[in-house]
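Please read the structure below before turning to the comments.
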Amino acid sequence: MLNSNKTLAELKDMIEAKTHHPYLLQFLEKPFIDENKLLLLLSIFEELDISPEERDKYILSAMLIQIALDTHEKVTNKAADEDSEGVLKNRQLTVLAGDYYSGLYYKLLADIENISLIRVLAEAIKEINEQKIVLYQRTINEISDLTDSLAAIESSLIRKIADSFQKPKWKEFSSSFLLLNRLIEEKNKYMESGQSVIFDILKKLSFPKRDKSKELSPDQRKYVLNKIDHCINQAREATFLALDRLSPDGDLQRKLASFIAGNIGTPNSLVEEG
């Protein structure tokens, strides 16, 4: 199935070509391509009896949606008195870029003429945006609600596609694996910068009566880190269980098992391993 990285590399090149816009690149970074999600999508569609051309259009459409969602999330929310002309222009261009990538996905699906898939993807977009609102408005009251929300944000797109094409094992695996990856990313972000929306919510849940103007004590910080480690361990266990239900001999499974066992890795590591 995935005995080489050629198809992944070709798909990534296609995405980069589709999203290339000289004017936007003058002011914005190149759009981030989530190679974990690209690999999962390819794995699902490789199991279907469809042509490579149709497969590529489906995958490109889904990845363009993901890029559009990720781009819109980058829009800054600075206070009005902090809005310099440059910040405002960056914000406007980021919104424009997200809309541009969304338009590309609609064009691809229109070419395929798959109305049912458009409906499935629209449902995924709605679910992702709803859960982002829950997350960023800090309306979560339980750790289980937090992990459910994160899993939905990270995997709804792939879960809906897997469900649509009757691939329940990939639906289960994508949910736990992408949750694991996000939790690890958030922990690393917190360790490096002290900033993470996930840790903000965990602090609120762990110490609801604390003075928010004060920093966490060392013991409190350790407590919160233990909470995230517990979430990571649970997600890892669920991911291994889901992985066992997939074909054990595939290239993908070996790469994913290596990633999970190592606890941390970059998206590129999944593509670059031979």
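The values are calculated or read from the model by the stated rules, or taken from the named source; none is laboratory data. Every value quoted in this text rests on a predicted model; they were computed, and no experiment measured them. Neighbour counts are summed over all protein chains in view; Cβ atoms, including those assigned to glycine, are modelled from backbone coordinates with ideal geometry.
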Extreme residue, farthest from Q195 (Cα to Cα), among residues of the range 213-248 that are of a type in the set (D, E, K, R) and part of a helix (DSSP H, G or I): D244
Matching residues, the range 150-173, being of a type in the set (S, T, Y) and at pLDDT below 95: S164
Which numbered condition K74 misses (of (1) within 18 Å of I153 (Cα to Cα); (2) at pLDDT 70 or above): (2)
Residue list for the range 149-195, filter: buried (at least 16 other Cβ atoms within 10 Å of the Cβ) and of a type in the set (D, E): E154, E172, E185, E186
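Under the condition of being of a type in the set (D, E, K, R) and modelled with pLDDT of 90 or more, which residue from the range 1-12 is surrounded by the most Cβ atoms within 10 Å (Cβ to Cβ)?
At the first step, the residues of the range 1-12 found to be of a type in the set (D, E, K, R) are 6, 10, 12.
If we keep only those that are modelled with pLDDT of 90 or more too, we end up with 10, 12.
Numbers: E10: 12, K12: 16.
My answer is K12.
What number of residues within the range 13-47 satisfy the criterion of being in a helix (DSSP H, G or I) and either at pLDDT 80 or above or not hydrophobic (A, V, I, L, M, F, W, C) (or both)?
Looking only at that region, the number is 22.
Being surrounded by 14 or more Cβ atoms within 10 Å (Cβ to Cβ) and either at pLDDT below 90 or charged (D, E, K, R) (or both) narrows it down to one of L69, L60, so name that one.
On the way: L60 fails: either at pLDDT below 90 or charged (D, E, K, R) (or both).
Every option except L69 fails the conditions.
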The range 135-148, residues that are at pLDDT below 90 and outside any loop (DSSP other than H, G, I, E, B): L135, Y136
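Among I118, I112, which is the only one that is aliphatic (A, V, I, L, M), surrounded by fewer than 18 Cβ atoms within 10 Å (Cβ to Cβ), over 17 Å from the mean Cα position of the chain (by Cα) and modelled with pLDDT of 80 or more? Don't jump to the end; show me each part of the working.
Working: I112 fails: modelled with pLDDT of 80 or more.
When all the criteria are applied, what remains is I118.
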